[in-house]
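K.L.:
Got a structure for you, questions after.
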Amino acid sequence: MGGESFGKIFWRNFTKNRLALLGAAVVIVLFIVSIFASYLSSYSPDQIDVTQILNPPSRAHIFGTDELGRDVFTRILYGSRISLKVGFVAVGIATLIGVILGSISGFYGKWVDSLVMRVVDIMLCFPSFFLILAVISILEPSIYNIMIVIGVTGWMGVARLVRAEFLSLKERDFVVAARAIGAGNLRVMFSHVLPNAMAPVLVSATLGVAAAVLTESALSFLGIGVQPPTPSWGNILTEGKDNIEIAWWLSLFPGFAILITVLSYNLLGEGIRDSLDPRLNI
Amino acid sequence: MMKHRLVAVFAVLILLMGSGACRKENKSALSPSQEGKVYEPEYGDTLIEGSIGDASTLLPHIASDSASHEIADLIYNGLVRYNKDLIIEGVLADSWKVSEDGLTITFNLRKNVKWHDGVPFTSKDVMFTYKLMIDPKTPTAYSGDFLRVKKAEAPDDYTFKVTYDKPFAPALITWSTWILPAHLLEGKDISNVEFGRNPVGTGPYKFKEWKTGEKIVIVSNNDYFEGRPYISRVIYRIIPDNQTMFLELQAGGVDEMGLTPLQYSRQTDTPPFRNNFQKFRYPSFGYTFLGFNLKDEKFKDKKIRHAISYAVNKKEIIDGVNLSLATESVGPYRSDMWANNPNVNKYPYNPEKSKLLFAEAGWKDSDGDGLLEKNGKKFEFTIITNQGNSMRARTAEIIQKNLKDVGINVKIRIVEWAAFLKDFIHKKNFEAIILGWSIPIEPDLYDVWHSSKTGPDELNFISFSNPEVDKLLEAGRSTFNLEERKKAYGRIQEILADEQPYVFLFVPDSLPAISARFKNIKPEPAGINYNFIKWFVPKELQKFTEMTP
Amino acid sequence: MGTYLIKRFGAMIPLLFGITLISFIVIHLAPGEPTDLATEFNPKASVQAKQQLRELYGLNKPLHVQYFDWLQRVVKFDFGRSFSPDRRLVIDKINERIWITIGINTISLFIIVLIAIPLGVFSATYQYSMFDKISTVIVFLGFAVPTFWLALLLMILFGVNLGWLPISGLKSIDYDNMTFIGKMLDLGRHIVLPLFVSVFGGFAGLSRYSRSNMLEVIRQDYITTARSKGLEERTVIGKHALRNALLPVITILGFSLPGLIGGSVIFETIFAIPGMGQLFYMAVMSRDYPVIMGELVIGAFLTLVGNLIADISYALADPRIRL
């Protein structure tokens, strides 16, 4: 085994991939925007002004105003916080559950594996949006419930990935060696096998953020996501839908924001995946 | 009745009664060339009405949604109804007499009325409907008033007599309920019949077809006893989304719908719209309010409620949420109703006065953070309202802002309807709430304001209790004498205004838009639908000509 | 083959049990009860009347009894009666609508396959070319565009501004008076926009997957062998690479099914299409338990069936697999 380290290969591939870099750049910008939202606009997101209802974009309001005269640009800025929060926490939960279950399943095998895989199969049978919809409207629409539900219904892919990695790595030399020197099961799992499984999990998580953002906006659009007055891209779009003929700016900008966010995370995720593939180095 | 869906409100408001007396703008908008032209009524054409929800059943007694009731109103008749001036008139009853002691009402039924299947209507049908309503096996929510009847008799085919325990003024309008055909339903299990999908009534329209989720078609009953309706066919098209419906309206796929204030004021003033449609505007039969949970410590002091009332800028709400297409509400009635008392305390927007009153009650901003405190605690509470009604949500947001200006921190929580009822309303687990009531034409408000109506499923969920009001409510409903009733309700309104258990907010306007080809639509206190059977389309403007009524 | 089918159906049963159990538990987390809506804040609904309704719907029995009662009936495809005032059989309500959803989704899937696979294959074959780059962009857009946004924009453009297409429902008002051809055309015009939105939302995944599969296959030794044998590139790709690349794609089709069924909620509501998605949303909003559970079970069942079909097709297509 000579040549460059894994990390270096990854980095080289990644930086050569223009689209991936673009995705990464946008992701970073989005972070900055959501953290520094209050500095980027002089308005507050819940600043009502009934004399400015549904005004088209102008110098005072570059993205126009909404049904209560609030500045849309500001609300979109703050909306990024919701989208990203939900995205990360939901994916965090899903990944956590997926990694734990996948590890246990892949490592111990036998009936544990069967059981976990049965559960995965059952969960995969449900049209996930149906399930999410049903649970959210039964509990109460709050940002926490959304995060939890999206997380709890989205771990199956990660679990399978991790399990697959475990199954293939279980018999590899370094694992056998580790056991030979007496390392305990858990230790083997976590310090030896798991790190190797992380790469595809990272890809899955990145793509998962994109999916979670889309799901959150769909739920908010249907009115069972984040509640007003908190701005979320999805619930601004609801206003956009209600006023579609006279307030195109309410539809265009938030929809665009979702598009850019999801796109950039997808590009990033795909970029990571491509960069991890050693065979791409042709 | 609670209307929890904005859009259902608008679907219903089309058929609800509205007043023309205080409103100026109730002329139809016809194109210049048509202005002034007088048309002769002609039979024919179809009216396509947009409906947000599908009816659940056309047995309206076991339904609670407005779509079912709206359509049922054209298929069935009651014994009586309200006319265009909101006075009770007879329909299936030619006349009626209330006995001296106010305990018995005798209805003389109209003769020569036939059910849609040709069978004659008789008092047997009224008796059957009554028995159905009080039958515990009938899954109806409307049995309350019927259970008060002590004795019901049908001495002959065209007479129906009911006797009550005590004089009960609202009794008369109870009999506007839809009368069902005994010969088709007698002995059947009402919750399992196909009748609800294939109804037979005595009304101006006969049921033709129901494609679930798509449309309901009714056609004119040419033998209708009040005269054959001019419009030959009515189709209810189910379009669950208001925006889509508006697009359909403009595209000609729908002839009538209720507009939102935005659509009314900003999207319907173009020449093409004005040429092809007529818009109407009149106050609806409902009001929106902010209610306080009177068992909550914070709201027990009347002064606090006054303070909040002064802090709420009702005009800002009307301008912001309704685009000025609403009137301020100061009590449970509409200003044009006979029971309304205009001389009650009002609370015009006055944040300074509000702060003063809070200070008098001990709430001051002692630490300069802009929020009021008392004994170290800040004044904050949560307003809840139901999901699916963006007007209420926006009203809440404006109130939130108004109260922040005087130093109160308000949170808003929007809850899905079923949970809203079960977890918050019925358990009285709330601090403040924004909701709407419909304004009944019959002024009896017992169910909402009487101190006995505070059970978990009942309507006085704010726990309002005032002995004088209780007595007046009893008095108001126990006499048929209009003057006495008026006095009682007048005094009740004074007390309500003084107590401010609600901050009464606004009465929204009904804003229907109807294709210009329909003539003879005239807004009256009752709205525009009181003479629906007399609407017509001149032959040269008719759109749907071939059909089989 | 027969034993395989039996084994697969057998495996479906515990899955179905798990599905119904989960559905039942989830629904009963709900704080509301259906009778709350039937009596909907009506001043005229007395407490007595409401109690009657509760007993009528059997809501006063303990939970596990309710579940087994329900399960016994589900096995016979009896999902009970809807809690909504029309009290119709759940199976009837679903039956009216399921074919529409399945129909649209099937056509959608068909079109997706027609577009996505060639797209993916050509992208792989001419990797890094302009075509590949452009189609990559389109595919990523397909992943990222919120379909409800797209639906609205299209409705405005084609429905209102241009007036070319109807914007809601499946049929025009005077559908029944049309000739057969007229009817077909009418349905077609109504379906164009919903179909477009459905396809746009669904083709990206398949395209991406076929591309990556194709890429993998192309790198295989046997392709190099074929090339070195002097075969035309067209034969190499068309005959050898393609068939091997497409096999896994078939299984993906099966997995697309729940997505299509679930995605129908939004666009059915926007386009006012009387399908399963719209029914589900309304049932959820009104706590119509029997309908919700019926739909969850049937939705999951359809997925199982879809996967089964995918597996069988895969087995038929791949000569290496012996069932």
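The values are calculated or read from the model by the stated rules, or taken from the named source; none is laboratory data. Keep in mind that what you see is a predicted model, and the values were worked out from it rather than measured. Cβ coordinates were reconstructed from backbone atoms using ideal geometry, including for glycine residues, and neighbour counts include every protein chain displayed.
K.L.:
Can you confirm whether the range B:50-72 contains a residue that is at pLDDT below 85, within 18 Å of the chain's Cα centre (by Cα) and within 20 Å of B:Asn531 (Cβ to Cβ)?
P.N.:
no
K.L.:
Write out, first by first residue and then by second, each pair whose Cβ atoms fall under 9 Å of each other, whose residues are 6+ apart or on separate chains, and whose first residue, in the range A:243-269, is more than 7 Å from every other protein chain (Cβ to nearest Cβ) while the second is small (Gly, Ala, Ser) and not in a helix (DSSP H, G or I).
P.N.:
A:Ala247/A:Gly64; A:Trp248/A:Gly64; A:Trp249/A:Gly64; A:Leu250/A:Gly64; A:Phe253/A:Gly64; A:Pro254/A:Ser232
K.L.:
Taking the conditions exactly as written (farther than 30 Å from B:Gly253 by Cα, without any contact (Cβ under 8 Å) to a residue 24 or more places away in the chain, acidic (Asp, Glu) and surrounded by 17 or more Cβ atoms within 10 Å (Cβ to Cβ)), does B:Glu458 satisfy them or not?
P.N.:
Here the answer is yes, as B:Glu458 does meet what is asked.
K.L.:
Going by the structure shown, is B:Glu316 among the acidic types (Asp, Glu) and more than 13 Å from every other protein chain (Cβ to nearest Cβ)?
P.N.:
For B:Glu316, the condition - among the acidic types (Asp, Glu) and more than 13 Å from every other protein chain (Cβ to nearest Cβ) - is not met.
K.L.:
Same structure again: Report, by residue number, each residue of the range B:193-233 that is among the hydroxyl-bearing types (Ser, Thr, Tyr) and surrounded by 21 or more Cβ atoms within 10 Å (Cβ to Cβ).
P.N.:
Across the range B:193-233, the qualifying residues are B:Thr202, B:Tyr205, B:Ser220, B:Ser232.
K.L.:
Is there a residue being exposed (fewer than 15 other Cβ atoms within 10 Å of the Cβ), assigned to a loop (DSSP other than H, G, I, E, B) and out of contact with any strand residue (DSSP E or B) (no Cβ under 7 Å at 6 or more places or on another chain) anywhere in the range B:305-320?
P.N.:
Within the range B:305-320, none of the residues are exposed (fewer than 15 other Cβ atoms within 10 Å of the Cβ), assigned to a loop (DSSP other than H, G, I, E, B) and out of contact with any strand residue (DSSP E or B) (no Cβ under 7 Å at 6 or more places or on another chain).
K.L.:
Of everything in the range B:39-49 that's at pLDDT 90 or above and hydroxyl-bearing (Ser, Thr, Tyr), which residue is surrounded by the fewest Cβ atoms within 10 Å (Cβ to Cβ)?
P.N.:
B:Tyr43
K.L.:
Another question about this same structure. Only one of A:Ser83, A:Ser103 is surrounded by 21 or more Cβ atoms within 10 Å (Cβ to Cβ) and more than 14 Å from every other protein chain (Cβ to nearest Cβ). Can you tell me which?
P.N.:
Of A:Ser83, A:Ser103, the one residue that is surrounded by 21 or more Cβ atoms within 10 Å (Cβ to Cβ) and more than 14 Å from every other protein chain (Cβ to nearest Cβ) is A:Ser103.
K.L.:
Check off (1) small (Gly, Ala, Ser); (2) within 14 Å of another protein chain (Cβ to nearest Cβ); (3) over 23 Å from the mean Cα position of the chain (by Cα) for B:Ser176 and give me the number that stays unchecked.
P.N.:
If we test B:Ser176 against (1) small (Gly, Ala, Ser); (2) within 14 Å of another protein chain (Cβ to nearest Cβ); (3) over 23 Å from the mean Cα position of the chain (by Cα), just (3) comes out false.
K.L.:
Check the range C:162-170 and report whether any residue there is in contact with a helix residue (DSSP H, G or I) (Cβ under 6 Å, 6 or more places away or on another chain), in the same structural domain as C:Ile115 (by TED's automatic domain parsing) and farther than 30 Å from A:Phe256 by Cβ.
P.N.:
Scanning the range C:162-170, I find at least one residue that is in contact with a helix residue (DSSP H, G or I) (Cβ under 6 Å, 6 or more places away or on another chain), in the same structural domain as C:Ile115 (by TED's automatic domain parsing) and farther than 30 Å from A:Phe256 by Cβ, so the answer is yes.
K.L.:
Can you tell me which of B:Ala152, B:Ala141, B:Ala171 is within 14 Å of B:Phe107 (Cβ to Cβ) and at pLDDT below 90?
P.N.:
Unique residue meeting the criteria: B:Ala171.
K.L.:
Taking interchain pairs and intrachain pairs at least six residues apart, which have beta carbon atoms under 6 angstrom, with the first residue in the range B:349-365 and among the charged types (D, E, K, R) and the second not in a helix (DSSP H, G or I)?
P.N.:
B:Lys355/B:Val406; B:Asp365/B:Leu372; B:Asp365/B:Gly407
K.L.:
Another question about this same structure. Filter the range A:114-156 for residues that are over 19 Å from C:Gly18 (Cβ atoms) and modelled with pLDDT of 85 or more and give the result.
P.N.:
Result: A:Ile143, A:Tyr144, A:Asn145, A:Ile146, A:Met147, A:Ile148, A:Ile150, A:Gly151.
K.L.:
Residues of the range B:110-143 being surrounded by 20 or more Cβ atoms within 10 Å (Cβ to Cβ) and within 14 Å of another protein chain (Cβ to nearest Cβ), which ones?
P.N.:
Residues satisfying the conditions are B:Leu132, B:Met133, B:Thr138, B:Pro139, B:Thr140, B:Ala141, B:Tyr142, B:Ser143.
K.L.:
Return the residues of the range C:259-309 that are within 12 Å of chain B (Cβ to nearest Cβ), modelled with pLDDT under 80 and closer than 22 Å to C:Gln66 by Cα; say none if nothing qualifies.
P.N.:
The answer is C:Val284, C:Met285, C:Ser286, C:Arg287, C:Asp288, C:Tyr289.
K.L.:
Next up: Cβ-Cβ under 6 Å, sequence separation 6+ or interchain: first residue in the range A:141-162 and surrounded by fewer than 21 Cβ atoms within 10 Å (Cβ to Cβ), partner of a type outside the set (Ser, Thr, Tyr) and not in a helix (DSSP H, G or I). Which pairs?
P.N.:
A:Ile143/A:Val226; A:Asn145/A:Leu139
K.L.:
Mind checking which residues of the range C:200-221 are assigned to a loop (DSSP other than H, G, I, E, B) and either surrounded by 20 or more Cβ atoms within 10 Å (Cβ to Cβ) or charged (D, E, K, R) (or both)?
P.N.:
C:Arg219
K.L.:
Let me ask something additional. Within the range B:65-109, which residues are of a type in the set (S, T, N, Q) and surrounded by fewer than 24 Cβ atoms within 10 Å (Cβ to Cβ)?
P.N.:
B:Asn83, B:Ser95, B:Ser99, B:Thr104, B:Thr106, B:Asn108
K.L.:
Does the range C:172-190 include one or more residues that are within 14 Å of chain B (Cβ to nearest Cβ) and in contact (Cβ under 8 Å) with a residue 24 or more places away in the chain?
P.N.:
Checked against the condition, which is being within 14 Å of chain B (Cβ to nearest Cβ) and in contact (Cβ under 8 Å) with a residue 24 or more places away in the chain, the range C:172-190 yields at least one hit.
K.L.:
Consider the range B:209-253. How many of its residues are more than 9 Å from chain C (Cβ to nearest Cβ) and of a type in the set (Val, Ile, Thr)?
P.N.:
6
K.L.:
Please verify whether the range C:139-146 includes one or more residues that are in a loop (DSSP other than H, G, I, E, B), of a type in the set (Val, Ile, Thr), surrounded by 21 or more Cβ atoms within 10 Å (Cβ to Cβ) and modelled with pLDDT of 80 or more.
P.N.:
yes
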